[in-house]
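Asks: The structure's right below; bear with me while I get my questions together.
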Amino acid sequence: MLKECLKLISEGSVKSTKDIANKLNISEMEANQFIEQLKQMDYLKKDGSEFSCGGKCFGCNLSNCPTNSFMTFSLSEKGKFYLKKL
Amino acid sequence: MHTIALVGNPNSGKTTLFNAITGSNQHVGNWPGVTVEKKEGFFTYNKEKYTLVDLPGAYTLGAFSEDEIVARDFVLKGNPDVVINVIDATNIKRNLYLTIQLLEMGANVVLALNMIDEANTKKINIDKKRLSERLNVPIVETSAAKKIGVDELLKVTVENIGRNVSPLEISYGKDIDEEITKIIKLLENKDFLYPKRWMAIKILENDRDIISLVSSDSEIKEYIDNLIKENKIYELDIVDKRYDYIKTITKDLIEEPENVLTTTDKIDKILTNYIFGLPIFALIMIIVFQLTFKIGQDFLGGYVESFIEFIAGFIESLLISINANELLISFISEGFFGGVGAVLVFVPLIVVLYFFLAILEDTGYMARAAYVMDSLMRKVGLQGKSFISMIVGFGCNVPGIMSTRTLDNKKDRMIAILINPFMSCGARLPVYMVFIAAFFPRYGGLVLFSIYALGIAIAFIMAKLFSKTLFKGEETHFIMELPPYRLPSMNSVFRDMWEKVWGFLKRAGTVIFLVVTILWVLSMLPAGVEPYSKESLLGRIGSFFAPMFTPAGFGNWQASVSLFAGIAAKEAIVGTLGMLYSPMDLTEALRMNFSTLSAVSYMVMVLLYTPCAATIATVKRETNSNGWALFMAVYTFLLGYIMAVLVYQIGSLFI
Ligand SMILES: Nc1nc2c(ncn2[C@@H]2O[C@H](COP(=O)(O)OP(=O)(O)O)[C@@H](O)[C@H]2O)c(=O)[nH]1
């Protein structure tokens with residue numbers, strides 16, 4: 001299942017664990033578990049650093065800064081390498 | 001004295017259990033050589049004293065963190081008599097993953113099925129007896145928080161000291177099992193402290209700790225190198241097999257209600273719905289814009305306007321009464337109050353709009369909006385993640401462009417930068433507001449929404465174009481994790497709002513003031529000319545460019561001058577118009593100089609044309625290229641111009 005999760009993400013056909021659960025016909029809890037596992041094993045990495053305006057720019061409106069935002073995870077080098085070898 | 005170890009996933013209630021067992025009999029130290037905290041305590045059972053060691057919480061016993069290494073080393077080398085594995089009964093399958101690994105190590109495990117109270121409330125039923133048989137481990141139900149089952153747990157633990165256990169052997173499938181056998185052979189007669197089969201599995205799992213340990217042996221090292229050469233990567237398969245094993249072992253033993261939806265899930269079902277998500281987003285935005293007008297203009301706007309008028313009148317009469325220089329009076333009343341004042345009038349609207357946006361952001365809704373937009377954005381070659389930079393851009397394009405730094409991929413980043421100015425920033429708001437007040441007073445929310453929507457649409461079209469032409473390249477794919485909904489923290493919302501107002505006022509007092517002053521001087525020269533007339537220097541400059549804008553419907557010189565002023569800062573557009581038409585009321589003046597159609601084409605132009613100087617400078621800084629900065633300035637101008645002409649020309653056919 002881990003492999004399938006990884007493949008689905010790399011194909012761009014899923015955008016949440018909900019989608020993964022649907023595609024693989026597993027429960028969302030399981031899908032979450034697999035994703036956590038993949039993160040822990042460094043197959044998925046958290047994208048980008050958090051952006052913070054930090055009052056550095058003139059006229060910047062902090063309220064528009066992402067205060068309660070989503071996170072995204074994509075394939076790490078390890079993950080990409082793994083799929084290539086498959 | 002016997003030693004008992006306590007292991008479990010984070011949040012399984014391990015600490016609570018440790019405290020419940022040891023009470024105050026505990027002390028904290030450090031594990032040798034690492035920064036991981038070591039907690040040790042004592043308890044007595046049947047008059048005998050036992051040591052209880054609290055191992056760091058972990059989901060797995062790999063080598064992914066110091067915590068995991070400390071925990072597994074203690075289990076393997078610390079010779080605990082019993083390992084109490086605390087598992088969260090409400091999330092048993094996940095927690096059993098750790099259990100399986102303990103069993104593979106050959107640990108003498110007693111399971112504490114913790115949070116059983118919560119499992120009961122959630123109607124999760126676990127067949128404890130059969131699970132215990134299948135796993136060959138004693139299981140005790142506990143609720144550490146309510147101190148239920150703790151005595152029983154100690155009893156069973158003590159009873160099981162010295163129990164004869166052999167390591168669990170899972171079949172990992174033919175290929176892997178064969179490799180395991182081969183590695184075990186290699187490990188024979190070599191004195192590593194760990195169990196052989198466990199080591200073999202760890203080697204195949206690519207466990208860096210174990211691999212560096214065995215690499216001292218040339219024979220094994222060669223074997224491992226060969227595995228890598230032959231692309232035999234088994235890590236994921238092994239983990240998968242363990243999950244399969246858990247699935248088999250728990251089959252028919254766990255009853256849980258189908259998908260208990262949390263509040264967040266329930267709300268998300270509607271808000272991120274495949275079909276309704278987008279219309280709901282649009283509707284929410286229309287409501288926000290409409291409310292902005294209702295509260296910001298109808299309710300608060302009047303006060304600020306009267307206040308500014310009052311001050312202006314007061315100062316003007318003061319200046320007249322002291323016989324001040326005529327030029328000074330003209331500058332103060334027309335330049336300062338007519339120009340800068342025209343911008344200040346919009347403070348309430350801005351406050352209200354960003355108040356609502358801050359609430360949407362803080363509750364977690366904006367993250368959903370990004371999620372909903374993602375499918376659409378992927379189609380045009382944008383990333384859902386770029387939506388963050390777009391939302392930031394609605395405040396100001398400078399941080400909007402800076403926030404594209406979170407995009408790792410060069411292609412995604414360049415596209416996100418180039419389309420950011422189409423996100424209508426707060427400084428452009430006053431322009432729409434005056435035109436709306438003059439021409440569409442009753443449809444403010446809708447017109448504003450359409451402008452913002454047009455900006456997004458153009459951004460998408462340009463993104464598609466860029467990804468097909470300038471920036472081809474691989475796309476990065478990802479999954480999103482949405483934050484849970486929460487109540488907005490009014491504290492931060494109000495603080496942000498204040499900063500917004502302050503920033504706006506600061507700009508009005510500096511950049512806008514400067515631009516207006518320069519333009520005022522230009523409109524007074526050459527000496528003796530009728531101020532603000534076509535013959536003034538400013539008028540002549542404006543008249544030179546004005547014909548260019550005739551096809552777009554706003555070929556008057558004031559309109560073109562203000563557009564150029566807008567390149568310095570967008571608020572200056574209103575400031576300039578306000579000054580040039582003063583002392584006439586700006587709304588009145590606009591009605592005389594623009595038609596409804598040319599008002600629309602002018603707003604389109606303002607939305608799309610060259611971003612302000614600060615934004616262009618940011619593009620240069622972020623792309624490290626003058627070329628892209630210039631490209632940005634020129635292509636947006638052309639696009640804005642073409643769109644404005646199209647709007648006007650096509651509109652003229654119907655009106
Ligand atoms: N309902 C319930 N909550 C518990 C139980 N045991 C612990 N908790 C709660 O679960 C949370 C995490 O517990 P903690 O001991 O810090 O977990 P640790 O990370 O494993 O050390 C705390 O808020 C505890 O109060 C239990 O048996 N039942």
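The values are calculated or read from the model by the stated rules, or taken from the named source; none is laboratory data. Predicted model, so just to flag it, every value in this text is computed and none were measured. Cβ atoms come from the backbone with ideal geometry, glycine included; neighbour counts cover every protein chain shown.
Asks: Any idea how many residues of segment B:10-33 are more than 16 Å from the ligand (Cβ to nearest atom), touching a strand residue (DSSP E or B) at 6+ places or on another chain (Cβ under 7 Å) and not aromatic (Phe, Trp, Tyr)?
Replies: Qualifying residue count for the region: 4.
Asks: Give the residue, chosen from B:Val70, B:Val36, B:Val7, that is more than 14 Å from every other protein chain (Cβ to nearest Cβ), within 16 Å of the ligand (Cβ to nearest atom) and at pLDDT 95 or above.
Replies: Unique residue meeting the criteria: B:Val7.
Asks: Tell me, yes or no, whether segment B:556-576 has at least one residue that is of a type in the set (Phe, Trp, Tyr) and either within 23 Å of B:Phe440 (Cβ to Cβ) or buried (at least 24 other Cβ atoms within 10 Å of the Cβ) (or both).
Replies: Taking every residue of segment B:556-576 in turn, none turns out to be of a type in the set (Phe, Trp, Tyr) and either within 23 Å of B:Phe440 (Cβ to Cβ) or buried (at least 24 other Cβ atoms within 10 Å of the Cβ) (or both).
Asks: In addition: Within 14 Å of chain A (Cβ to nearest Cβ) and more than 13 Å from the ligand (Cβ to nearest atom) - does that describe any residue in segment B:44-61?
Replies: Yes, some residue in segment B:44-61 is within 14 Å of chain A (Cβ to nearest Cβ) and more than 13 Å from the ligand (Cβ to nearest atom).
Asks: State all residues of segment B:139-169 that are surrounded by fewer than 19 Cβ atoms within 10 Å (Cβ to Cβ) and in a loop (DSSP other than H, G, I, E, B); if no residue qualifies, say none.
Replies: B:Lys147, B:Asn160, B:Ile161, B:Gly162, B:Arg163, B:Asn164, B:Val165, B:Ser166, B:Pro167, B:Glu169
Asks: Filter segment B:107-132 for residues that are assigned to a strand (DSSP E or B) and either within 14 Å of chain A (Cβ to nearest Cβ) or within 10 Å of the ligand (Cβ to nearest atom) (or both) and give the result.
Replies: B:Ala112, B:Leu113, B:Asn114
Asks: For segment A:4-18, how many residues are surrounded by fewer than 17 Cβ atoms within 10 Å (Cβ to Cβ) and not small (Gly, Ala, Ser)?
Replies: Residues that pass the stated criteria total 3.
Asks: If you go through segment B:348-362 one residue at a time, how many are facing chain A (nearest Cβ under 7 Å) and not aromatic (Phe, Trp, Tyr)?
Replies: 4
Asks: When you look at B:Phe293, is it in contact with a helix residue (DSSP H, G or I) (Cβ under 8 Å, 6 or more places away or on another chain), buried (at least 16 other Cβ atoms within 10 Å of the Cβ) and more than 30 Å from B:Arg486 (Cβ to Cβ), yes or no?
Replies: Answer is no for this residue.
Asks: Yes or no: segment B:226-237 includes at least one residue that is farther than 30 Å from B:Phe440 by Cβ, away from chain A (no Cβ under 14 Å) and over 31 Å from the mean Cα position of the chain (by Cα).
Replies: Yes - at least one qualifying residue is present in segment B:226-237.
Asks: Still on this structure: Can B:Tyr648 be described as over 25 Å from B:Leu514 (Cβ atoms) and crowded, with 21+ Cβ neighbours inside 10 Å?
Replies: Yes; evaluated as a whole, the condition is true for this residue.
Asks: Has segment B:524-538 got any residue that is assigned to a helix (DSSP H, G or I) and among the β-branched types (Val, Ile, Thr)?
Replies: Checking segment B:524-538: not a single residue is assigned to a helix (DSSP H, G or I) and among the β-branched types (Val, Ile, Thr).
Asks: With respect to B:Leu465, determine if the residue is in contact (Cβ under 8 Å) with a residue 60 or more places away in the chain, surrounded by fewer than 20 Cβ atoms within 10 Å (Cβ to Cβ) and among the aliphatic types (A, V, I, L, M).
Replies: The answer is no for B:Leu465.
Asks: Among what's in segment B:136-180 and is of a type in the set (Val, Ile, Thr) and more than 17 Å from B:Val83 (Cα to Cα), pick the residue that is nearest to the ligand (Cβ to nearest atom).
Replies: Once the filter is applied, the top-ranked residue is B:Ile148.
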